[in-house]
Structure formats: structure tokens, C-alpha cells
Amino acid sequence: MEILQPPGWPRPKGYSNGIAASGRMVFVSGMVGWNAEGVFESDDFVVQAAQALRNAVQVLAEAGAGPDHIVRMTWYVVDRDEFLAAQREVGVAYREVLGAHYPAMTAVAVTALMEARARVEIEVTAVVPASAAGHRSAA
């Protein structure tokens, strides 16, 4: 995996401008902040964001991938101001779940998400190098 940082550009905080990678691609649907039973335990933005990230990591594990294989994330948030106000706490939760790995990211404010209680939905794309072992295939 190669981080793409054009010369002279300021270093982004909490994400990369671009990532180049090769290998097995893994696409994770938008994850919301509910638990494994599909129940929201909180309406708090940070709590939901952390749970959505944990959910994405669990799906990645099914492909033998981990947080370090993530090359792109898209965050859909229902309240831009809520997202901006929670950035510090989201950063702490992010690092607890994903570590210090910062893929290319986009954040988009939307009018609503399909799940009425969802405050955030996170899509993930990962690339597992061909040399990585242990991937699972669907039966």
C-alpha cells in the first residue's frame, strides 16, 4: 500500500489524499451504529460512529482483512455540525478501533439515512495483498 501525497500539499489530518494498492478487493456496505442484533444502543453520534467502525471491522474479518487493509472510507452524516463538534471524540474512537491507519476518506452530510435512528453510516473498501493468507470464501 502506498500513500499518495503530492509534493507541496499540506498533510491531511486523519485521512490520506490517496492510496495505491493491489490485491483482493473487499467492499463493505454502509455500516450504521447498531449492534449485532440490529439494535441501536445509543443516539449519541460518537457511540454510533465507534459501533459502525467495529461493525465494518467484523465484516472485513470475514475476508481475512483488518483495519490496515482499508484504502477508502465514506462517511455519511445526518448533521454536519454534530459531526464537526464531535471530531475530537470521533478521532479517539477511530484510533481505538482502527489504530493509526488513515485511508482516503470522504465525509458527506445527507438529509437522512435509511435507518431512522442512524446518525452516521460508513462504507469501507479494503485491499488485501495477494500474499496475505487466511481469506474466507463464501460457500
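The values are calculated or read from the model by the stated rules, or taken from the named source; none is laboratory data. What you see is a predicted model, and the numbers here were worked out from it, not measured in a lab. Heads up, the Cβs are rebuilt from the backbone with ideal geometry, glycines too, and the neighbour counts pull from every protein chain shown.
When each of 97, 110 is tested for being aliphatic (A, V, I, L, M), within 20 Å of residue 125 (Cβ to Cβ) and over 16 Å from the mean Cα position of the chain (by Cα), the lone residue that passes is 110.
Let's see how each residue does on (1) at pLDDT 95 or above; (2) among the aromatic types (Phe, Trp, Tyr); (3) over 14 Å from the mean Cα position of the chain (by Cα); (4) within 16 Å of residue 121 (Cβ to Cβ):
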residue	(1), (2), (3), (4)
29	yes, no, no, yes
40	yes, yes, yes, yes
67	yes, no, no, no
79	yes, no, yes, yes
103	yes, no, no, no
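Suppose we keep only residues that are surrounded by 11 or more Cβ atoms within 10 Å (Cβ to Cβ) and acidic (Asp, Glu) within the stretch 1-47. Which one would you say is nearest to residue 102 (Cα to Cα)? Out of the qualifying residues, it is 44.
Confirm whether residue 60 is under 11 Å from the mean Cα position of the chain (by Cα), surrounded by 14 or more Cβ atoms within 10 Å (Cβ to Cβ), under 19 Å from residue 119 (Cα atoms) and hydrophobic (A, V, I, L, M, F, W, C). No.
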